[in-house]
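Notes to accompany the following structure.
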Amino acid sequence: MVLDTKAKRLVAGALCGVAAMVLALLGNPANMAFCIACFIRDTAGAMGFHQAAAVQYVRPEIIGLILGAFLIALATGEYRSSGGSSPMIRFALGVIMMIGALIFLGCPLRMVIRMSAGDLNAYIALIGFAAGVCTGVFALRRGFSLGRSHPANRASGVVLPVIVLGIMILSVTTSLFISSESGPGSKHAPVAVALIAGLVVGILAQKSRMCFAGGLRDIFLMKNFDLISVIAGLFVVLLVFNIATGRFTAGFNTPGVIAHSEHLWNILGMYTVGFAAVLAGGCPLRQLILAGQGSSDSAVTVLGMFVGSAICHNFGLASSGTAVNAETGELVKGAVTSNGRIACLICIAACFIIAFTNRRSLEK
Amino acid sequence: MKEVDARGLSCPEPLMLTLDALKNNQEVKVLVSEPHQKTNVEKLAKDKGKKCTSRDMGDYFEITLG
């Protein structure tokens, strides 16, 4: 069964919202649920690729998403091993998406989750995200393409699922990986619940083609509202949950949300993500799903996000979130770093270069 | 019949190329690699009031709109 009607997609999105809700209730950080950027970053940290002590933990959600998509694709005959569509450009787009996301502090999924909890910064960022998607659509209309992928050996598409399965097994059977003792990395739902939630969302996302960039892109490009209906389902469920449980706080500098109120950089951070996601053919979540169903090109994009997260923390590009100083009780505003600003502008310039130097008509 | 070879292209290129081809042609044959792209093209055909038939060609799908 393909979730191919708006109603079915709405339900799929709503179920993903329920999964996010359960994860939040069982210990995941506030309004993070299963933020792809944050959780790839945490996993990279757990494996020692960066040393930001507060954000190191192997996130079973990410592993579950990839494995869920892999298993359902195998079961339904949708598994196709392919690759070869400008892999290094896709790697760069993965790095770029991660840098933009960690300047805003979240992937498009977390933006929607933050919106559902009343974080006004996320609404500001949505303007940037939509503008980024629009710019990507403009490039597509001018014939942007990263070229064709080709069928690959069947085993090629299995590599990433096998690697993440290995990470999962090692994380529960050994003490090889680092686990944060404080900060967002120390907050997590039980491993089994997180893994099951990841698997379920992976399956739903694969069947519903859930994509945050694709949702807006299809509206701008073709006045098609199919993909946005998944996001709408997720948003509504979380909005109701947040209001019902008193978690909805409309405001800018809300401590505990892990967000900052530098409007320009919230806009530019998500502009970068939206633009790069359209060029890469999908948002960070969609890349995980496509990688799970056999696309080596998306797997390379995922590796780009992984490396990008280490770059963000090793070179001080990631922003900080507004928090209350535990000793003084003072509100410390979250901030974007100078390095982060420069990196964001470089990423936007790189997106423009990629967008207007890769044309279908130039493909041989 | 106009043929659109969208095999291996990323979304939304197959749909954009199909829409382009439908502007000047009554019948269009579209080749795509991924099952979800096949579904998308079939849905587009339905939206445009076109009849369509799909065939699984092994490595790719062939969808005829007309």
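Structure notes:
- Test: residue in segment A:79-89 that is more than 17 Å from A:SER298 (Cβ to Cβ) and either modelled with pLDDT of 95 or more or crowded, with 20+ Cβ neighbours inside 10 Å (or both): no
- Taken over segment A:324-345, the criterion of being under 23 Å from the mean Cα position of the chain (by Cα) and either farther than 18 Å from A:ALA131 by Cβ or buried (at least 19 other Cβ atoms within 10 Å of the Cβ) (or both) is satisfied by A:GLY334, A:ALA335, A:VAL336, A:THR337, A:ASN339, A:GLY340, A:ILE342, A:ALA343, A:CYS344.
- Residue in segment A:134-154 that is away from every other protein chain (no Cβ under 14 Å), more than 23 Å from A:PHE306 (Cα to Cα) and β-branched (Val, Ile, Thr) present: yes
- Residue check for A:ARG114: of a type outside the set (A, V, I, L, M), farther than 24 Å from A:ALA46 by Cα and assigned to a loop (DSSP other than H, G, I, E, B): no
- Against the test of being assigned to a helix (DSSP H, G or I) and within 14 Å of chain B (Cβ to nearest Cβ), the options A:ILE127, A:ILE72, A:ILE99, A:ILE103 yield a single qualifying residue, A:ILE72.
- Evaluating B:ASP47 against the criteria (1) touching a helix residue (DSSP H, G or I) at 6+ places or on another chain (Cβ under 8 Å); (2) closer than 21 Å to A:LYS6 by Cα leaves one unmet condition, (1).
Each row is one residue, and each column tells you yes or no for (1) surrounded by 13 or more Cβ atoms within 10 Å (Cβ to Cβ); (2) farther than 22 Å from A:ASP218 by Cα; (3) in contact with a helix residue (DSSP H, G or I) (Cβ under 6 Å, 6 or more places away or on another chain).
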{"position": "B:GLN26", "(1), (2), (3)": "no, yes, no"}
{"position": "B:LYS29", "(1), (2), (3)": "yes, yes, no"}
{"position": "B:HIS36", "(1), (2), (3)": "yes, no, no"}
{"position": "B:ASN40", "(1), (2), (3)": "yes, no, yes"}
{"position": "B:MET57", "(1), (2), (3)": "no, yes, no"}
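- Subset of segment A:194-214 (residues that are under 16 Å from the mean Cα position of the chain (by Cα) and within 12 Å of chain B (Cβ to nearest Cβ)): A:ALA205, A:GLN206, A:ARG209, A:MET210, A:CYS211, A:ALA213, A:GLY214
- Enumeration of residues in segment A:297-317 that are part of a helix (DSSP H, G or I), among the small types (Gly, Ala, Ser) and surrounded by fewer than 24 Cβ atoms within 10 Å (Cβ to Cβ): A:ALA310
The values are calculated or read from the model by the stated rules, or taken from the named source; none is laboratory data. Small disclaimer: the values here were computed from a predicted structure and weren't measured. Reconstructed Cβ throughout: ideal geometry from the backbone, glycine too, with neighbour counts over all protein chains shown.
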